[in-house]
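The values are calculated or read from the model by the stated rules, or taken from the named source; none is laboratory data. Note that this is a predicted model, so its numbers are computed, not measured. Because the Cβ atoms are built from the backbone with ideal geometry, glycine has one as well, and the counts that use them run over all protein chains shown.
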Amino acid sequence: MSYLFAGKALISGWVNGQKFRPSNWPERMCEVGATRDPIKGIMRYSNHLNIALDDEHGYCVHVDFDALAQYQPETFKYVCWFIESNQLTLVARDASRFNAPAFEAQSPLLTALVA
């Protein structure tokens with residue numbers, strides 16, 4: 001796994017100063033990693049991919065890339081693809097993981113890394 005998608009991060013709901021559309025993109029993304037209880041018929045989001053509301057970053061998704069890669073590899077691939085293809089901003093939640101020089105060289109897609 002590269003440093004680009006590792007550790008815990010927020011996927012911001014802002015792209016180039018505007019809200020990312022469609023407005024329900026966090027639900028759609030989290031549903032990819034969700035499971036449906038066959039008896040109750042309810043959907044349960046993954047512990048590693050959750051909707052969040054952040055004052056600075058808006059409606060966003062909290063993701064634990066390490067756990068997602070280990071326990072839900074297909075969901076991990078989809079989330080990485082979605083971030084790259086839509087040029088979304090990642091906000092690191094465990095900044096110590098991102099201090100490696102290799103990360104700085106590989107991070108053209110990340111526009112903000114805030115501890």
ask   = What number of residues within the stretch 29-70 are touching a residue at least 24 places away in the same chain (Cβ under 8 Å), assigned to a helix (DSSP H, G or I) and not charged (D, E, K, R)?
value = 6
query = Mind checking whether some residue in the stretch 63-76 is surrounded by fewer than 17 Cβ atoms within 10 Å (Cβ to Cβ), modelled with pLDDT of 90 or more and of a type in the set (Ser, Thr, Tyr)?
reply = yes
request  = Output the residues belonging to the stretch 1-56 that are of a type in the set (Ser, Thr, Tyr) and under 13 Å from the mean Cα position of the chain (by Cα).
outcome  = SER12, SER46
query = Which members of the stretch 5-18 meet the condition of being surrounded by fewer than 12 Cβ atoms within 10 Å (Cβ to Cβ) and part of a strand (DSSP E or B)?
reply = GLN18
